[in-house]
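**Student:** Can you read through this structure? Questions will come right after.
The values are calculated or read from the model by the stated rules, or taken from the named source; none is laboratory data. What you are looking at is a predicted structure, and each value in this text was computed from that prediction instead of being measured. All Cβ positions, glycine included, derive from the backbone under ideal geometry; neighbour counts span all protein chains shown. When the accessible area is computed, the model is the full protein with side chains, heavy atoms only, and any ligands, DNA or RNA have been set aside. Shrake-Rupley method; radii C 1.70, N 1.55, O 1.52, S 1.80 Å.
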Amino acid sequence: MYRQIFALLFMAAITLQAGAKEVPLLGNIMARQTTSLNGPWHYIIDVQEEGYYDYRMNPTQWGFFRNAKPQRPEDLVEYDFDKAATMQIPGDWNTQDDRLFFYEGTVWFMKRFQHNKQEGHRTILYFGAVNYEAIVYVNTQKVCTHIGGFTPFNIDVTDQLRDGENVVIVKVDNKRKAEAVPTQIFDWWNYGGITRDVLLVDVPQTYIENYKLSLDKAEPKAKKRTIQFDANIDKAEAGVELTLSIPELKINQTLTTDAEGKVSTTLSVPAKNLTLWTPENPKLYQVELKLGNETLADQIGLRTIETRGKQILLNGKQIFLRGISIHEEKPNGGGRANSTADAHTLLSWAQELGCNFVRLAHYPHNEYAVREAERMGILVWSEIPCYWTIAWTNPGTFTNAQRQLTDMIRRDQNRANVIIWSIANETPHSNERDQFLSRLAQHARSLDTTRLISMAMEVTGASNYKNRLRDNMHQYVDVVSFNQYIGWYRDVNDAPKMEWEIPYDKPVIVSEFGGGAKYGLHGPENQRWTEEFQAKLYRENVAMLDKIEGLSGTTPWILKDFRSPRRVLDGIQDYYNRKGVCSDKGEHKMAFDVLKQWYETKK
Ligand code: GCU
């Protein structure tokens, strides 16, 4: 009898605790009522995942997530977070503990924090990114498992939190896997850990989940312009009032949700009242959304991006994208970048080059970087890490890639400077790859029709100096982009002889070209790794690019040297990919000026 009652009570308790759930991404996290959990977190390196599995490799209920303490002198507890070292979060573990520089495996993180529960409020735990797999526990209760190292996720933990002290524990595992996205090989450092902000978000019982504001395309001389506004609250509930105001445009509209909890409207404004977002004048409008006593403020630019034949049109006018590729690595020599200051420095180097465009490779960068680029007037190519040999036939891999694509778009769909969603980089041709990627392209369009879709293809087939681009994916993208390494990986001296055949009536972006040089190493132009070699390569490549019909832009590889475990040449690479036009500390190599001078001719 008592056993049944106990079992029922235990199940009830579990069910109650099961209230935690991952909820759809909150848009505009920066405008929300948040408490930061950034700062020192205790951490335990757990090479064999002793804190998760028992000695028969079964998940144990006595794992580190219980944050156990000995109750009696004879009790055995073989870990203690409070005695463990701390590291700064957000931050990768590789550059905060020498023991973890090359480490790929599990590290446990723990943070104690105070919380005051408020009647009628809900609390959502938000992670800007955790690389690569996170299992999150709040007060010993598992609340979420998340896979994907570069996109945010958030969990309603209202029921798990208590008044006073709380403990969040995260198991982070950055092991590379064949079925992961990216797969087990990639040319960048596998920075592990809680690499972006951790926030507690206070929301009312019913809150604005996400929204999208965009300008419809129109004829250049149109007298009226139409703004599209869509928003949704967190539940399928009709009759909830939501107010949109854009004071500068004299817009103040109250909308009522439909049965799905959505609002959708079009707003007409006189074209003469509108200042469109451009790199030269990155105009942002103050936008305010209200729902009950919840107010969300945002700064949103209005612009259109489209293609016409081989041209890319920004606000109806052709634009040449003077770009550069960037990895998300701090400008002062390594570690994951994760702040406005990091972004401002890297983007300032790009502007010094004469860039109006950056390719944030090969994964979604942190939101500070996208917003800082928007403020600085720099257009963005944003990309998910479907990189090289993805497991195209694995359903879980597709779900993972699609989820990362969804979250990348949902997070940045109001950023005027983001003009291209990229779904892949240098993926080998196959029917399975085409099916996988065409479904991703279709999914991106289902979420956002106001941006262009692209991917970095590979040039296949070259004979007697004729380079032909052939890729079935051309029919699924708006912009045909490809990487080529003439002068580095092939045809070291033949760039001047090269011809290009790109048989698609779409704009072309050369999404990578370049070569390596060790900063400060000088010698004859034919000596690889000298700055002179790299500068000659750039001179010959930009002259060759000028011969490509329909070239609408390029993002040379890469702004600065970056860490990679694949680059092991002692004294030259030392685990850095040296293709930067800057050193890893931002020192200009000779090629920097070659590219800068060429961009002067593209303005
Ligand atoms: C590839 C790849 C990059 C890589 C580069 C290189 O094109 O896209 O991620 O770093 O080549 O070889 O340096």
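**Student:** Taking R0 as 22 Å, what's the FRET efficiency between Arg162 and Asp82 from their Cβ-Cβ distance, rounded to 0.05?
**Tutor:** Efficiency, rounded to the nearest 0.05: 0.70.
**Student:** Can you pull the Rg over Rh of the range 150-245, Cα-only, Kirkwood?
**Tutor:** 1.11
**Student:** Determine, from the Cβ-Cβ distance of Ala259 and Arg468 and an R0 of 51 Å, the FRET efficiency 1/(1 + (r/R0)^6), rounded to the nearest 0.05.
**Tutor:** So the FRET efficiency works out to roughly 0.45.
**Student:** A further question on this structure: With a 1.4 Å probe and every protein chain kept in, tell me what percent of the accessible surface of the chain is carbon plus sulfur.
**Tutor:** 50 percent
**Student:** Please compute the alpha carbon radius of gyration of the range 307-600, then divide it by the globular-protein estimate 2.2 N^0.38 Å. Two decimals is fine.
**Tutor:** Dividing the Cα radius of gyration by 2.2 N^0.38 Å gives 0.95.
**Student:** For the peptides 73-80, 324-331, 167-174, what is the packing order when you average, over each peptide's residues, the other Cβ atoms within 10 Å and list the highest mean first?
**Tutor:** My ranking of the peptides, most packed first, is 324-331, 167-174, 73-80.
**Student:** When ranked by the protection proxy of mean other Cβ atoms within 10 Å per residue, highest first, what sequence do the peptides 20-31, 407-418 form?
**Tutor:** 407-418, 20-31
**Student:** Out of Leu321, Val168, Leu296, whose Cα points farthest toward the positive end of the dipole of the chain (charges: +1 Lys, Arg; -1 Asp, Glu; placed on Cβ)?
**Tutor:** Going by the Cα projections, it comes out as Leu321.
**Student:** Can you compute the FRET efficiency between Arg72 and Val568 using 1/(1 + (r/R0)^6), with r the Cβ-Cβ distance and R0 = 35 Å? Round to the nearest 0.05.
**Tutor:** 0.10
**Student:** Here's something else I'd like to know. Put +1 on the Cβ of every Lys and Arg and -1 on every Asp and Glu Cβ in the chain; which of Ala350, Pro73, Pro428 then has its Cα farthest towards the positive end of the dipole?
**Tutor:** Of the options given, the answer is Ala350.
**Student:** For the range 2-204, state the semi-axes of the equivalent ellipsoid (square roots of 5 times the eigenvalues of the alpha-carbon gyration tensor), sorted largest first and rounded to whole angstrom.
**Tutor:** Three semi-axes, in Å: 27, 23, 17.
**Student:** For the modelled label position 7 Å from the Cα of His115 along Cα-to-Cβ, which residues of the range 153-187 have backbone nitrogen atoms closer than 11 Å?
**Tutor:** 155-169
**Student:** Moving on. Averaged per residue, what accessible area in Å² does the chain show with a 1.4 Å probe, protein chains only?
**Tutor:** 41 Å²
**Student:** Cross-chain or 8 or more residues apart, Cα under 20 Å: how many lysine pairs in the range 442-564 fit that? Count them up, please.
**Tutor:** Taking the Cα cut-off of 20 Å, the pair count is 10.
**Student:** Taking 0.36 nm per residue of sequence separation and subtracting the Cα-Cα distance, how much length would be gained by fully extending the chain between Thr460 and Thr389, in nm to one decimal?
**Tutor:** 23.9 nm
**Student:** Please work out the C-alpha center-to-center distance from the range 17-53 to the range 514-569 and express it in whole Å.
**Tutor:** Each part reduced to its Cα centre gives a spacing of 40 Å.
**Student:** Right, here's the next one. Given the Cα-Cα distance of Gln318 and Tyr55 and 0.36 nm per residue of separation, how much length would full extension add, in nm?
**Tutor:** That works out to 88.3 nm of additional length.
**Student:** Dividing the alpha-carbon radius of gyration of the range 355-507 by 2.2 N^0.38 Å (N being the number of residues), what value is obtained?
**Tutor:** Compactness ratio reported: 1.09.
**Student:** Please report the antiparallel percentage of the DSSP beta bridges confined to the chain, to the nearest 5.
**Tutor:** 75 percent
**Student:** Just to check I understand the Karplus step: with θ = phi - 60° and J = 6.51 cos²θ - 1.76 cosθ + 1.60, what whole-Hz values come out for the range 380-390, glycine and proline as x?
**Tutor:** Karplus-based 3J(HN,Hα) across the range 380-390 equals 10, 9, 10, 9, 9, x, 7, 10, 6, 8, 5 Hz.
**Student:** Same structure again: Cα convex hull of the range 459-572: mean projected area in nm², to one decimal?
**Tutor:** Quarter of the Cα hull surface area: 8.0 nm².
**Student:** I would also like to ask the following. Helices from the chain with mean Kyte-Doolittle at least -1.0 and a Cα length along the axis of 18 Å or more, per DSSP H: which?
**Tutor:** The answer, listed by residue number, is 2-17, 340-353, 531-545.
**Student:** How big, in percent, is the set of alpha carbon pairs in the range 314-433 lying more than 23 Å apart?
**Tutor:** Across the range 314-433, Cα pairs with separations above 23 Å total 35 percent.
**Student:** Out of Asn190, Gln527, Leu569, whose Cα points farthest toward the positive end of the dipole of the chain (charges: +1 Lys, Arg; -1 Asp, Glu; placed on Cβ)?
**Tutor:** Going by the Cα projections, it comes out as Gln527.
**Student:** Per residue of the range 203-212, in order, report the coupling 6.51 cos²θ - 1.76 cosθ + 1.60 (Karplus, θ = phi - 60°) as ³J(HN,Hα) in whole Hz, putting x for Gly and Pro.
**Tutor:** Couplings: 10, x, 3, 10, 9, 6, 7, 7, 7, 8 Hz.
**Student:** Can you list the residues, at least 5 places off or on another chain, whose amide H is less than 5 Å from the amide H of Tyr363, using H built in the peptide plane?
**Tutor:** For Tyr363, the qualifying residues are Glu383.
**Student:** Next up: Taking N as the number of residues in the range 218-302, what value does Rg over Cα atoms divided by 2.2 N^0.38 Å take?
**Tutor:** After normalising by residue count via 2.2 N^0.38 Å, the value is 1.20.
**Student:** If I stretch the segment between Leu267 and Ile45 completely, what's the gain in nm (0.36 nm per residue apart, minus their alpha carbon distance), one decimal?
**Tutor:** Length difference between fully extended and current span is 74.5 nm.
**Student:** If you don't mind, there's one more thing I want to ask. Which log10 I(q)/I(0) values, to two decimals, does the chain give at q = 0.05, 0.09, 0.13 Å⁻¹ under the Debye formula with one point per Cα?
**Tutor:** Debye curve over Cα of the chain, log10 I(q)/I(0) at q = 0.05, 0.09, 0.13 Å⁻¹: -0.24, -0.76, -1.45.
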